[in-house]
Amino acid sequence: MAQIVLDRLAARFTDGEILESGSAHGDEWARVRRDAWIPVTMFLREDPATKMEMFIDLTCVDRFGMRASPGGLNPHGLAARGPSANPSAPTEVPTGEPPRFDVVLHVYSVSLKHRVRLYCGVTEEDPSVDTLVSVWPGTNWFEREAYDLYGVRFKGHPDLRRILMYPEFVGHPLRKDYPKEKRQPLVRRQAGRD
Amino acid sequence: MGFEFHTSSLKAAVNWARKFSLFQYPFVTACCGMEFMSVAAPKYDIARFGAEFPRFSPRQADLLIIVGTITERQGPALRRIYDQMCEPKWVVAFGVCASTGGFYQNYSTMPGADQVVPVDVYIPGCPPRPEQVLDGLMLLMDRIQRGEGHSQIAIEAERGYDVPLAAIRPIDKMGTLGGSPNPPATGPAGQNPSGSHAIGPTGGKP
């Protein structure tokens, strides 16, 4: 559907910024190195061949417990398009354990009618990535949500506060290691009148 | 024989009047609100039972209808609204979410509105049929007539009258429901050891 997007990324970023890319169910995806998060997204927005004007969604995935999957370098469960299938795609495949969190970005080009999905791996030890507010201002509250529920820090975000949970809440409830039954009540009935 | 004078007669008359002039405050948070509109609309017509006007100020209402899921974050607001209502006051939990948390079992949903306010009638259903709501309303009216609403019992206890202790749901110090079946849960005024209702991030601890 939008192979042109991956081709443009492969042509522009030749220094291993694009770790993997592929296509699944008619949608293209690419895995971006963390330090190239802003250049890649800014390029997608500005390049006349991609023209990703519209930010669709930003969220996060916690791959807790999937790190030691045998033989599974590709944590998507999708068929990665290897160098043989797509010579223009970058050939570098990440090695070692995949990072625990994936920040997932969906963007769409209204004028060219194509879309792409970008992943950015974020490690558990340093769960941070650059904010995209300077690229698409609409990411502001989405990044706050990802910070609130997953604890991913977006460096440079203008207002990185919790957005869904209350300020007194401790922890990040959509992390897979957050206890399912754990409640953090703000108020309860008191012994006494009622 | 001579004259017999029952102090309960006036109370019965007052309660009779109360049960037919409920002024509701709908605390609508979720999809059950649609069913609440259905009950209030002419087809089912909750006005037949005297609960006609929704008052959108808690100070003018004496029946708090909690319609929909209550999250932990809404707890302080719900408690404040309850505290602002004039006594005697009653609370109906409309739907399973308000009654027990429903099928939500997670970090954000309160497991029943009775964690923060005393509920007199629980109406199950997801959402409840309007007939169920009217049935619940009539249950509440019976309860009002008998003087067994939580708030009625509390008022009686403050005045030093005997109260039907079986109707009191005890609360232990952690703020969760439970404890022995017949504790002196309510006492005369000014003997509340744990202070008044706390609103704040204290986690229910005094």
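Throughout, read-outs are computed from the coordinates displayed, never taken from laboratory work. What you are looking at is a predicted structure, and each value in this text was computed from that prediction instead of being measured. Using ideal geometry, Cβ is built from the backbone for each residue, glycine included, and neighbour counts are taken over all protein chains shown.
What the table shows:
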quantity	calculated
Nearby lysines by direct alpha-carbon distance to A:Lys51 (threshold 24 angstrom, same-chain neighbours under 8 apart not counted)	A:Lys113
Virtual spin-label span in nm between B:Met37 and A:Met66, 7 Å along Cα→Cβ	4.0 nm
Residues whose placed amide H lies under 5 Å from that of A:Val133, excluding near-sequence neighbours	none
Low-density loop positions, GluC sites (Glu not before Pro), the stretch B:5-91 - DSSP coil, at most 14 other Cβ in 10 Å	B:Glu52
Reach of B:Lys11 by Cα under 17 Å, taken over lysines that are not fewer than 8 positions away in the same chain	B:Lys19, B:Lys89
In order through the stretch B:56-66: 3J(HN,Hα) via Karplus (6.51 cos²θ - 1.76 cosθ + 1.60), integer Hz, x for Gly, Pro	9, 10, x, 6, 9, 10, 10, 10, 8, 9, 8
